[in-house]
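Data first, discussion second: the structure below is written as structure tokens.
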Amino acid sequence: MTKLRRSLLTLTIAGFTFFSMQNAFAADSEYTTKSGKKPVPAEELAKANDIQIQAKNEQFAEKYPKQYNSWYKTSESTEATPAIEEDPRMIVLWGGYLFSHEYNKPRGHFYTVTDVRNILRTGAPRSDKDGPMPMSCWTCKGPDVPRLIAKWGEKEYFSGKWFKAGSEIVNSVGCADCHDTRSKEFAEGKPSLNIARPHVLRALEVIGQDFDKLDRDGKRTAVCANCHVEYYFDPKAVNNVVFPWFNGTDVDSMEKYYDDIKFKDWTHSISKAPMLKAQHPDFEIWSMGMHGKNGVTCIDCHMPKVKGADGKVYTDHQIGNPFDAFESTCANCHDQSKEKLQAIVKSRKHDVQESRIKLEDQLVKAHFEAKKAWEVGATEEEMKEALQAIRHAQWRWDYSAASHGGHMHAPDVLLKVISSGLDRVADARSALAVVLTKHGVELPIQIPNIDTAEQAWKAMGIDIEKQRAKKAAFLKEVIPQWNKKALENGLIDTLPPAK
């Protein structure tokens, strides 16, 4: 076992004793978990250590040119497609949360730092006391994160605002995120797969996975679970990252955990429902699907073994669509043609998207109906049932919408999740109909036109041009300072792309 692994395990082994709550959340004695474990308190977060993590991906280009050059090709995924402008319903669904300002479809790992800098969700802070996002928002963005956790300790790393690490987290997702680059094995050209984020080790232990004891395939999926998972920022500690797997990793088990601890990501701006924001539960959905159940890993499909010009086989690090490397991915198991498999996937994607849009439409109506109920004098007691149903329905929508490739990983799971979401939103709207009728409101109520993003932003009271102007000034005035400091400190040799 390497020094890095020994240190991280030592720092996290005691990490599941829970401490008493101060405000807003249930006390420890008021809920139990299926695993018998609970989040680690602030005083038990991993301490600083002397591990030196090389975060510059270019450092490994000469020794591992094939892997590095294929990783660098993730830069070819240049388009940042504005998802909420394609589907303005999302602006309503995320009302009061910064996802309603900007949400783009994912692109290559090369852009992780750039995208988090540029997105409107991180605001336009001018100091480490300013801005809407905590430090935790950096946690999946690159190998500078484990470097800083080792240097500062988790408590210091997670404390404070996002601005604090602007000149420190400057290398996008790369080598040291998944490999122990300091190990003898790595120096000998072996993968030396590694998890350098203590909170991920704690989460894996919750579901009975000791990383060091996992087989090759287990480790290959666990490293992807560094980031491609559902998580939340724990306000009871220091906004440290926690995976809500204490009852299980399916949508119902995570929802129960969130309900039991009375957690909410935000309060919806018009319905006042206590909302949950799903992140990207890819690991969880994959594990329940046919590929996961049959031991087909993320790496098998997205980072296949390929043959270089010299005839030698290596792992392709240009993470992307398996169909782009069909002979090295799908064809290893399937005897159907590429075209036939693509048609199957397209059909499943259509079915999932069609059902999800139906759920979106019903949620939009529910949020505006709740808004009307509040306007005509509904009480909190009258609204309680409906708001909880909205929360549960939208959690299921977001769980399905936020997953990357869920229609491929487990379409049956997503359709079941969406179906239960439709049931819950029907419950919400039935409860709201009773409240509205009681207060003399004629149904159906009028819903604003949200056919375009501009109309939706207006309906939700969002001055999008004001937010864009603030971000433009931030990018022009603050980012150059961050880049200059990072260059001076030797953290990067070249600047992250501007866009």
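Candidates Gln342, Gln362, Gln353, Gln279: the one that is in contact with a strand residue (DSSP E or B) (Cβ under 9 Å, 6 or more places away or on another chain) and surrounded by 13 or more Cβ atoms within 10 Å (Cβ to Cβ) is Gln279. Under the condition of being more than 21 Å from Val376 (Cβ to Cβ), crowded, with 16+ Cβ neighbours inside 10 Å and among the small types (Gly, Ala, Ser), the residues counted in segment 421-438 number 1.
Each residue in segment 446-462 was checked for being out of contact with any Asp or Glu (no Cβ under 6 Å at 6 or more places or on another chain) and open to solvent by less than 60 Å² (accessible area, probe 1.4 Å), and 9 pass. The set of residues from segment 138-148 being over 10 Å from Ile51 (Cα atoms) and in contact (Cβ under 8 Å) with a residue 40 or more places away in the chain comprises Thr139, Cys140, Gly142, Pro143, Asp144, Val145. Just one of the listed residues (Phe211, Phe263, Phe243) is open to solvent by less than 40 Å² (accessible area, probe 1.4 Å) and in contact with a His (Cβ under 8 Å, 6 or more places away or on another chain), and it is Phe243. The set of residues from segment 279-300 being closer than 18 Å to Asp412 by Cβ and in a helix (DSSP H, G or I) comprises Asp282, Phe283, Glu284, Ile285, Trp286, Ser287, Met288, Met290, His291, Gly292, Lys293.
Exactly one residue out of His404, His367 is outside any helix (DSSP H, G or I) and touching a residue at least 24 places away in the same chain (Cβ under 8 Å), and it is His404. Here the condition is being of a type in the set (A, V, I, L, M, F, W, C) and in contact with a His (Cβ under 9 Å, 6 or more places away or on another chain); of Trp138, Trp94, Trp152, it holds for Trp94 alone. A count restricted to segment 96-106 and to residues that are touching a helix residue (DSSP H, G or I) at 6+ places or on another chain (Cβ under 7 Å) and either under 13 Å from Arg121 (Cβ atoms) or buried (at least 17 other Cβ atoms within 10 Å of the Cβ) (or both) stands at 7.
Selection of helices (runs of 4 or more DSSP H) fully inside segment 422-499 by the criterion of at least 1 residues being under 30 Å from Lys73 (Cα atoms) returns 464-477, 479-488. Considered as a group, the residues in segment 77-119 that are at pLDDT below 95 and basic (Lys, Arg) include one that is nearest to Ile357 (Cα to Cα), and that residue is Lys105.
Considering only residues that are touching a Lys or Arg at 6+ places or on another chain (Cβ under 9 Å) and not in a helix (DSSP H, G or I), look in segment 215-233 and name the one that is least open to solvent (accessible area, probe 1.4 Å). Step by step, filter segment 215-233, then rank; the result is Tyr232. In the condition set (1) over 30 Å from Asn321 (Cα atoms); (2) open to solvent by 60 Å² or more (accessible area, probe 1.4 Å); (3) in contact with a Leu (Cβ under 9 Å, 6 or more places away or on another chain), Leu495 is compliant with all but (1).
Scanning segment 309-328 for residues that are under 23 Å from Cys178 (Cα atoms), surrounded by 16 or more Cβ atoms within 10 Å (Cβ to Cβ), in contact with a Lys or Arg (Cβ under 9 Å, 6 or more places away or on another chain) and without any contact (Cβ under 8 Å) to a residue 40 or more places away in the chain returns a single hit, Ser328. State whether the residues of segment 480-498 include one that is of a type in the set (Ser, Thr, Tyr) and at pLDDT 95 or above. For segment 480-498, residues of a type in the set (Ser, Thr, Tyr) and at pLDDT 95 or above: absent. Filter segment 131-177 for residues that are open to solvent by 10 Å² or more (accessible area, probe 1.4 Å), in contact with a Gly (Cβ under 8 Å, 6 or more places away or on another chain) and farther than 17 Å from Gln59 by Cβ and give the result. Those that are open to solvent by 10 Å² or more (accessible area, probe 1.4 Å), in contact with a Gly (Cβ under 8 Å, 6 or more places away or on another chain) and farther than 17 Å from Gln59 by Cβ: Gly131, Pro132, Met133, Pro134, Lys161, Phe163. One residue alone among Lys155, Lys141, Lys151 is basic (Lys, Arg) and part of a loop (DSSP other than H, G, I, E, B), and that residue is Lys141. When we screen Glu477, Glu465 for residues that are exposed (fewer than 11 other Cβ atoms within 10 Å of the Cβ) and free of Cβ contacts under 8 Å to residues at least 40 places away in the same chain, the only hit is Glu465. In segment 74-125, how many residues are part of a loop (DSSP other than H, G, I, E, B) and not aliphatic (A, V, I, L, M)? Qualifying residue count for the region: 19. Tell me, which residue of segment 384-401 that is out of contact with any Leu (no Cβ under 8 Å at 6 or more places or on another chain) and either open to solvent by less than 10 Å² (accessible area, probe 1.4 Å) or outside any helix (DSSP H, G or I) (or both) is nearest to Gly289 (Cα to Cα)? Going through the qualifying residues, I end up with Tyr399.
The values are calculated or read from the model by the stated rules, or taken from the named source; none is laboratory data. Note that this is a predicted model, so its numbers are computed, not measured. Note: ideal-geometry Cβ built from the backbone for every residue, glycine included; neighbour counts use all protein chains shown. Remember, those area values only see protein heavy atoms, side chains included, never the ligands or the DNA or RNA. Shrake-Rupley method; radii C 1.70, N 1.55, O 1.52, S 1.80 Å.
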